[in-house]
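Written out below as C-alpha cells is the structure these notes cover.
The values are calculated or read from the model by the stated rules, or taken from the named source; none is laboratory data. A quick note: this is a predicted structure, and the numbers were derived from the prediction, not measured. Here the Cβ is made from the backbone with ideal geometry for all residues, glycine too, and neighbour counts use every protein chain on show. Calculation scope for accessible area: heavy atoms of the full protein, side chains included, ligands and nucleic acids excluded. Shrake-Rupley method; radii C 1.70, N 1.55, O 1.52, S 1.80 Å.
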Amino acid sequence: MKVYFVGAGPGDPELITVRGRRLLEEADVVIYADSLIHPGILGYVREGAEIHGSSSMRLQELVDLMAEACAAGKMVVRLVSGDPSLYSAVNEQTSLLERKGISCEIVPGVSSFSAAAASLGVELTCPEVSQAVVLARAEGRTPLPEGARLADVLHPSATAAVFLSAGLGEELLREFLATGFPERTPAAAVYRASWESERRLETRLELLPERLAREGMHHQTLILVGEVLGRERREGKRSRLYGG
Ligand SMILES: C[S@@+](CC[C@H](N)C(=O)[O-])C[C@H]1O[C@@H](n2cnc3c(N)ncnc32)[C@H](O)[C@@H]1O
C-alpha cells in the first residue's frame, strides 16, 4: 500500500512533471489542496476517480481518508502545490501514514520560487553578485524555531525567496533591515506565478510593504529580495562555465 505525494507545480497545468501527470491519470482517489492548485490540473484525473479538496479537512480526517482508500486497494494521489519539500505539511502526513503501515512516495514539483524567478526573467544566482538563495518565511500561524527568525537566516549577500509572508509587509521590512539589507535593495513579488491571473511588482525593499498592500497581494505571493534582481548589477557578470 502506498500513497503518492505529488508536487503539482506552481499553477500552470503544463508545469507538473510527466511522472506526476501519469500518476494523476492512474489514480483512483485524488486529494488536493484546493485553495492553491490550479483547477486545470484536475483535467488529468480520469473520469470516475474520486476527487477531494483538502482545505477544510483536519489532519486526522485527511490521513484516515488516505489510509481507508489504500486499504480498499485504491491508488491514492495526494496533490500538493509547488514542490512537496517546501511548506507542504508533508512530514506530518507521511509519518501518520507510515505508522499505519502505509508507505509514501514523494514526486517533486516546480516550486513557486522557481516560477516567480522565471516570470521575472532572472537567475537567482549570479557570479560576483549572489551565489546563494535563502528560502524562508516570516513568523505566521506556524511558529518559527528559536534562532530561526528571518533576521537570523537572511544575509544581504544571498538572494531571499520568502513564502507565506506577503500579508506581513512591515514585519518583513524590519527583519530585512535588521539583517543589513540596504533600503534600496531591489525587491519583487509575484502573485499566482504561472496562473492566467498572475501579477507581479518590482520595487525597492523600502517600498515593498506599501506596494504589496496597494496591489492587494496577500496570499499566493512569492517575494524575492536581493541585488541580483537589479538589471545593472547583473550586467556583464560571467560565470566560468563557458570560458572567456
Ligand atoms: C503552503 S506554501 C506551499 C509552497 C509550495 N510547496 C511551493 O513549493 O511553492 C504556499 C505559499 O507558497 C507560495 N506560492 C505557492 N504557489 C504560488 C504561486 N503560484 N505564485 C506565487 N506564490 C506561490 C506563496 O508564498 C504561498 O503563500
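Filtering segment 1-15 down to residues that are open to solvent by 20 Å² or more (accessible area, probe 1.4 Å) and either at pLDDT 95 or above or in a loop (DSSP other than H, G, I, E, B) (or both), which residue is farthest from GLY109 (Cα to Cα)?
Filtering first and then ranking leaves MET1.
Scan segment 186-194 and tell me whether some residue there is within 14 Å of the ligand (Cβ to nearest atom) and closer than 18 Å to LEU150 by Cβ.
yes
Suppose the filter is more than 23 Å from SER197 (Cα to Cα), in contact with a helix residue (DSSP H, G or I) (Cβ under 8 Å, 6 or more places away or on another chain) and not assigned by TED's automatic domain parsing to the domain that holds ALA161; does LEU62 pass it?
Taking the combined requirement at face value, the residue satisfies it.
Return the only residue of ALA151, ALA189 being crowded, with 21+ Cβ neighbours inside 10 Å and either in contact (Cβ under 8 Å) with a residue 24 or more places away in the chain or not hydrophobic (A, V, I, L, M, F, W, C) (or both).
Matching residue, one of ALA151, ALA189: ALA189.
I'm trying to understand the selection: among the residues of segment 170-212, which are within 18 Å of ALA115 (Cα to Cα) and of a type in the set (S, T, N, Q)?
SER194, SER197
Among the residues of segment 206-226, count how many are more than 16 Å from the ligand (Cβ to nearest atom) and crowded, with 20+ Cβ neighbours inside 10 Å.
The qualifying residues number 1.
Scanning for something at pLDDT below 95, of a type in the set (Gly, Ala, Ser) and surrounded by fewer than 16 Cβ atoms within 10 Å (Cβ to Cβ), does segment 47-55 turn up at least one residue?
Taking every residue of segment 47-55 in turn, at least one turns out to be at pLDDT below 95, of a type in the set (Gly, Ala, Ser) and surrounded by fewer than 16 Cβ atoms within 10 Å (Cβ to Cβ).
Condition check: open to solvent by less than 40 Å² (accessible area, probe 1.4 Å) and near the ligand (Cβ under 9 Å from one of its atoms). Does ALA166 satisfy that?
Yes.
Are any residues in segment 23-38 farther than 16 Å from SER81 by Cα and either part of a helix (DSSP H, G or I) or open to solvent by 20 Å² or more (accessible area, probe 1.4 Å) (or both), and if so, which ones? Even if it seems obvious, please write down each step before you answer.
As a first pass, look at segment 23-38 and keep what is farther than 16 Å from SER81 by Cα: 25-29.
Within segment 23-38, GLU25, GLU26, ASP28 meet the criteria.
Kindly provide the set of residues from segment 84-125 that are open to solvent by less than 50 Å² (accessible area, probe 1.4 Å), within 13 Å of the ligand (Cβ to nearest atom), farther than 21 Å from ALA27 by Cα and touching a strand residue (DSSP E or B) at 6+ places or on another chain (Cβ under 6 Å), ordered by number.
Hits for segment 84-125 are SER111, SER112, PHE113, ALA116, SER119, LEU120.
Given the conditions (1) farther than 21 Å from LEU164 by Cα; (2) within 16 Å of the ligand (Cβ to nearest atom); (3) open to solvent by 40 Å² or more (accessible area, probe 1.4 Å), and given that ILE41 satisfies all but one, which numbered condition is not satisfied?
(3)
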